[in-house]
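**Student:** Questions regarding the structure given below will be posed in turn.
Since every read-out is calculated from the coordinates, none of them should be taken as a lab result. Computed from a predicted model, the values in this text were never measured in an experiment. Backbone-built Cβ (ideal geometry, glycine too); neighbour counts: all protein chains shown.
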Amino acid sequence: MNPSWNWDDNGHTEVHDPRIGGAWWNYLFNDSVYLRVDGYGNGLSFNREPRIQSWGRGQRQLWLRFADGACWCPSGWPIPQPDGAQWRVIHAPCWTRIIGRWREVEVEWQALVPRQGQREVWTVRVRNLGRQTQQLGITSALFQPAAGFMGSQGYWDDQHGMMLRHDFPHHAAWDDYQPLSQCANWLFVAPTLTPDTWAACDRDFLGASPPGAVPEGVRDGLPSRPAALEPSCAALQYQVELPAGDVWEVSFIAGAVVHPDQAPVADLLAEGAIAAEQAALEAAWEEEQQRLLISTPDPDVDRFVNTWWKKELLWEARLWRNGISTPWRNELQDAMGYAIFNPTAAKPFLQAVTAGQGSDGHLKVWNTRAGEKPNHPLVNFRHNDGGIWLIICWCHSIQQAGELSWLDEDLPFADGGSAPLIEHLRLAMEESFADRGQHGLIRMHDGDWTDPLNGPGRQGRGGSGWATMALAYACRLLQPLAAKHRNTALAERCAAVADELNATTNEQLWAGDRFAYGIDDEGKRFGDHHDGRIWLNAQSWGILSGSADEQQAATCTASVKQHLATPCGPLLLHPSYQGWDPQVGRLSLKVPGSTENGSIYCHSAAFWAAAQAAMGDGNAAYDTLRRVLPSNPDNPVEHSGQAPFWQHNAWFGNLSHPSFGRSSGTIGTGTVAWGMLIAVEHILGVQATVDGLVIAPRLPASWPQVQVERVLHGCRYTVDITADLSPGSPPQLSVDGQAVDGACVPYQQAAHCQITVHCAQAGRA
């Protein structure tokens, strides 16, 4: 066991050393609330209705005062633990629990977000482990925003049985009143036990205590008086006599609402209600987990596929990454990943994006959530990949659902009218294909998947190699679905478009040992020997699109290994730009080795793993995937700083810098969707399709046996795979003990189906 942290028997992360994992944060949510909470109990809270709104300062304190005046904060913040005290934190999918022990008293401080409602629940349990009765003062404080220009007021409300704080947003126009009055301007903290005393502002809780000292309100008591026009908090204090062996418990239901009467607390105030809600929350999560389970020799891959990637996909897809102005390519890929284990639940999120497509086929990439004001400048620019991702993500999701009928469902256009989904996808293909320059490449405009690449196409002539390859890949996905849909003309058109794009890619971008990334407005190529750079995405998608033949794919692989490979995974590009380069634009201003300027960008690394799997190399695909996981043994969390239970966006990629391998610390990445797809469908090779379950394993050489469980069309498939055949041998299948020919198992009517597979060794199909 790592002395700083470990995985417990339930697959939860248990942290023992605050210097390593105190700042690691968990994220808890339902469809209308998002909470971050770290090992000290701190982290921001967000409402999502009627608009996304952070409603606290992200600071919370829990204090105990003993009979002799000694004071202790079990979380270790804002004052470190005293000598002899113990601290640990458990991060689970549904909750975070901070546990402290000192002077024969144990405290559990737990945060969870219920399944529904704009609220979070903080529960304090105090257990007397000694033989003597303890006289304790227990104080909980949640810090709320500072007063705005309109003023604020905070107080205990006897009628509602809660702390309330009101602050109407600052505004100028008379017409602003009505919409602002519908925002969540009332903050509430409702305890399950009425406090003995309380404080409504920093002054009454902290007093004149300097930073790092015991607050005066903890030491001397709280005054129970209302506050106005100053930084507010909700501090609640209890005087508790706790006999030996007894447990004292209180919970605090907190949130923000339009009016105090709307505070969603009544259903949780009854005895046992919060415990029942937690049990229901965990049961719902368990049901989600059981839809897809894997068992391999790598417990880290198992944990991410079975638990932590699923949770991240739920957050990404259902909450749109808690974004206001966002690129819809993210939402599409997140929903695609969600569809791998719950296609029915993922479908509405794909439909929501599709409704933003124009009847001309164009899908704007950067958009703002309905009812919000734009908060990102890229909403004003044109990126070229909206329609491409629409095709890719729908095609993968239709296969996951096994529902060709989805193509017939009527969906609206943003500018009026509607059409079957298959027509939306055809229009997306044609609109993207028509948007080519004289070079035959899809025009770059203000950027492609690489958002800050705003230089090459700013005059409307530059071309994106990535977008050209990606459209060819999209056509290759749509073509077989169109054929099965009996739309022969569309199937033939997809094949013709893909062939033309692939021919153009080779003519314009093949550079002998790599694919160049694109061509700028002046007709100059970049990402080849002229600028001395290589871009990972051009090699990945050159292979995925079918542009690369077998020899070219091998050459690209060798070039990636020579120029981009690192212990943390492949670099996005190399060498990084060292300063302003007008050819590529904004990207060149990013710190060398960060994000798009040469980091190990985990999403892009996942594309490379997909390309490796497409070449049949399960060993290489697995190696790439495990290097971008937070559990990468070559980049331990003690150095990377990354919490081991959620997927980050990037590793810092400057190999000569002491921060090489440090995590970007940002959640929300397409790595999760692609990682699920690669692990389950391409490495383990248990592929959901409209025809049935296709078995095509590419197991790493170190994986002699694996198991996959998938729930599809109401049947649980248990697939046991053993790699014991000679290299190059086709898989041998039996279904419920009966040998079958071929690799496709039609969907069964039974509740359970056992599939036994023998496949080739050495990680190649």
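**Student:** Where does the chain land at 222 nm, in deg cm²/dmol rounded to the nearest 500, when only DSSP H runs of n ≥ 4 count, each adding -39500 (n - 2.57), divided by all residues?
**Tutor:** So the calculated ellipticity at 222 nm is -8000 deg cm²/dmol.
**Student:** Using modelled amide H (1.01 Å from N, peptide plane; none on Pro or chain starts), what sits under 5 Å from the amide H of Ala696, excluding residues fewer than 5 places away?
**Tutor:** When sequence neighbours closer than 5 places are left aside, the close amide H contacts are Val686, Gln687.
**Student:** A follow-up question, please. Calculate one ³J(HN,Hα) per residue across segment 99-115 by plugging θ = phi - 60° into the Karplus curve 6.51 cos²θ - 1.76 cosθ + 1.60, and present them in order as whole Hz with x for glycine and proline.
**Tutor:** 10, x, 9, 7, 6, 6, 10, 10, 10, 10, 10, 10, 10, 8, 10, x, 5
**Student:** Further question: Using every alpha carbon pair in segment 684-760, what percent of pairs falls into each 10 Å bin from 0 up to the bin containing the largest distance?
**Tutor:** 20, 57, 21, 2
**Student:** I need to check one value: relative contact order of segment 312-407, counting alpha carbon pairs closer than 8 Å and at least 6 residues apart, in percent.
**Tutor:** Contact order relative to length: 33 percent.
**Student:** Right, here's the next one. Using the count of nearby Cβ atoms within 10 Å as a rough guide to exposure, how do His16, His563 rank from fewest to most?
**Tutor:** Fewest-to-most ranking of His16, His563: His16, His563.
**Student:** Here's another thing I want to ask about it. Once the cut-off is 12 Å, how many percent of the Cα-Cα pairs in segment 170-219 end up in the long-distance tail?
**Tutor:** Above the 12 Å cut-off, segment 170-219 has 75 percent of its Cα pairs.
**Student:** Please compute the volume of the convex hull spanned by the alpha-carbon atoms of segment 11-285 and report it per residue in Å³.
**Tutor:** Looking at segment 11-285, the number lands at 132 Å³ per residue.
**Student:** Beyond 20 Å, what share of the Cα-Cα pairs of segment 7-116 is found? Please give it as a whole percent.
**Tutor:** Tail of the P(r) past 20 Å holds 43 percent of the pairs.
**Student:** Taking the Cα centre of each part, how many Å lie between segment 387-421 and segment 108-161?
**Tutor:** If we compute the Cα centre of each part, the gap is 46 Å.
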